[in-house]
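Just so you know, all these numbers are worked out from the coordinates, no wet-lab data involved. What you are looking at is a predicted structure, and each value in this text was computed from that prediction instead of being measured. We place every Cβ from the backbone using ideal geometry, glycine too, and count neighbours over all the protein chains shown.
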Amino acid sequence: MLQVKNLEVVYNDVIQVLKGVSLDVPTGSIVALLGANGAGKTTLLRALSGLLETHDGQITKGEIHLDGKPIHRRKAPAIVAAGMSQVLEGRRVFTEFTVEENLRVGGHTRAKGRTEAINEVYDLFPILADRKRSTAGYLSGGEQQMLAMGRALVARPSFLLLDEPSLGLAPRIVQQIRDIVVQINQRGTTVLLVEQNATMALSIAERGYVMENGKIVMDKPAAEMLDDDDIRDFYLGRGDGATSYSNLKHYKRRKRWLS
């Protein structure tokens, strides 16, 4: 299990972004984390994967435990070795490398069994097997997203952090990514899915969290979130044209109560 307890994160010693965040990601599950831009979702993932230092950020309070062991003071390589990998927002593939070279980089911390792990990625993403000698920079956006996910999987993580995997992709490709996330989970990898596409995320998650202004303001089973009026208004869309001002005030009040 991945557990976050009362986490606070500050950038440049002055800007507090996370304000007492707590959440649980049970082993074997898919958990969705929703929130608008600037809510603190990416900062949370950086804290989990040990990447805060490269952005002049630091954990000032709270703890992170992975399978009962504290990891909040570990560096990124040690966190990967402990079984956690992250797929960054925006894909971030090595554009001048081939597909296979990108995948080999993803397994550099676990050279033993890397070839087998790459073959497993090709089995999961057949299009990458077809493109293995292609330069990554010439792949489509969807193919680059698959490559970024495959590169993280070569390390054979037990926990996978996905940051906006559907961002900027066509609806047909979003559906493919959704199905692939389900397959990854069914193969034994626990997933924390950060998404603005709430419909996609909640359709496959067991539990959902909503983050606003650096705080968790809602925590429910995903099925209940899909039926929640506030979530439908502000993350799913009711399809009735617009949200009334009275509903907006109700949502703001409810956020204060929940926080």
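Amide H of L18: which non-local residues (sequence gap of 5 or more, or other chain) have their own amide H closer than 5 Å, using H built in the peptide plane?
When sequence neighbours closer than 5 places are left aside, the close amide H contacts are V9.
Taking the Cα atoms only, what angle lies between the long axis of helix 141-153 and the longest principal axis of the chain, rounded to 10 degrees?
80
Just grab the label-to-label distance for S140 and A170, each label 7 Å out from Cα along the Cβ direction, in nm (one decimal).
0.5
Neighbouring Cβ atoms within 10 Å as the yardstick, rank Y11, Y138, Y235, Y122 fewest first. Let's see the in-between values first.
Details: Y11 14, Y138 11, Y235 22, Y122 17.
Listed from fewest to most nearby Cβ atoms, that is Y138, Y11, Y122, Y235.
Going down the table (K69/K215; K112/K132; K69/K220; K69/K132), which pairs top 31 Å between alpha carbons? Before the final figure, lay out the partial values.
Working: K69/K215 24 Å; K112/K132 20 Å; K69/K220 26 Å; K69/K132 37 Å.
In this structure, K69/K132 exceed 31 Å between Cα atoms.
Just going by the charge dipole of segment 92-156, with Lys and Arg at +1 and Asp and Glu at -1 on Cβ, which of G137, T95, V105 is farthest out on the positive end?
Towards the positive end, the residue furthest out is V105.
Which whole-number percent gives the relative contact order of the chain, counting Cα pairs below 8 Å spaced six or more residues apart? Walk me through the intermediate numbers first.
Values: 472 pairs, mean separation 63.5, N = 259.
Relative CO of the chain lands at 25 percent.
If I compute Cα extents along the principal axes in Å from the structure I just sent, which labelled value in [x] 52, 41, 36; [y] 56, 42, 31; [z] 69, 42, 38 lines up?
[y]
At 7 Å along the Cα-to-beta-carbon direction for both A76 and D123, put a label point, then send me their distance in nm to one decimal.
Here the answer is 3.0 nm between the modelled labels.
What is the magnitude of the charge dipole of the chain about its Cα centre, with +1 placed on the Cβ of each Lys and Arg, -1 on the Cβ of each Asp and Glu, and no other charges, expressed in debye to the nearest 20?
460
Given the Cα-Cα distance of E53 and F94 and 0.36 nm per residue of separation, how much length would full extension add, in nm?
Working: separation 41, 0.36 × 41 = 14.76 nm, distance 2.16 nm.
Extending this stretch completely gives an extra 12.6 nm.
Using θ = phi - 60° and the Karplus relation 6.51 cos²θ - 1.76 cosθ + 1.60, list the HN-Hα couplings for segment 210-227 in order, rounded to whole Hz, with x at every Gly or Pro.
Values, residue by residue: 10, 10, 9, 6, x, 10, 7, 10, 8, 8, 8, x, 4, 4, 5, 5, 4, 9 Hz.
Which whole-Hz ³J(HN,Hα) couplings does segment 112-125 yield from phi under the Karplus relation 6.51 cos²θ - 1.76 cosθ + 1.60, θ = phi - 60°, glycine and proline marked x?
3J(HN,Hα) across segment 112-125, in whole Hz: 5, x, 5, 4, 4, 5, 5, 5, 5, 5, 4, 5, 6, 10.
According to the square roots a ≥ b ≥ c of the eigenvalues of the Cα gyration tensor, what is the shape class of segment 140-205, taking rounded for a/c under 1.5, prolate for a/b larger than b/c otherwise, and oblate for the remainder?
Oblate is the answer for segment 140-205, as a/c is 1.5 or above yet b/c matches or exceeds a/b.
How would you rank H108, H72, going from fewest to most other Cβ atoms within 10 Å of each one's own Cβ? If you can, show how the numbers build up before the last one.
On the way: H108 12, H72 18.
With the fewest neighbours first, H108, H72 line up as H108, H72.
Once fully extended, how much extra length lies between S203 and S158, figured as 0.36 nm per residue of separation less the alpha-carbon to alpha-carbon distance?
14.0 nm
Evaluate the distance, in nm, between pseudo-label points positioned 7 Å from the Cα of K220 and of N37 along their respective Cα→Cβ axes.
For K220 paired with N37, the spin-label model returns 2.7 nm.
Apply the Karplus parameterisation 6.51 cos²θ - 1.76 cosθ + 1.60, with θ equal to phi minus 60°, to every residue of segment 131-139 and state each ³J(HN,Hα) to the nearest whole Hz, in sequence, with x for glycine and proline.
Karplus-based 3J(HN,Hα) across segment 131-139 equals 9, 4, 9, 7, 6, 4, x, 9, 6 Hz.
Quote to one decimal, in nm, the extra length available between D67 and D24 on full extension: 0.36 nm per residue of separation minus the C-alpha distance between them.
On the way: separation 43, 0.36 × 43 = 15.48 nm, distance 1.11 nm.
The D67-D24 span can extend by a further 14.4 nm.
Classify segment 92-156: rounded, prolate or oblate, from the alpha-carbon gyration tensor (a ≥ b ≥ c, eigenvalue square roots; a/c under 1.5 rounded; otherwise prolate if a/b is larger than b/c)? List each step's numbers first, then the result.
On the way: a/c = 1.83, a/b = 1.47, b/c = 1.24.
Because a/c hits 1.5 or more and a/b exceeds b/c, segment 92-156 counts as prolate.
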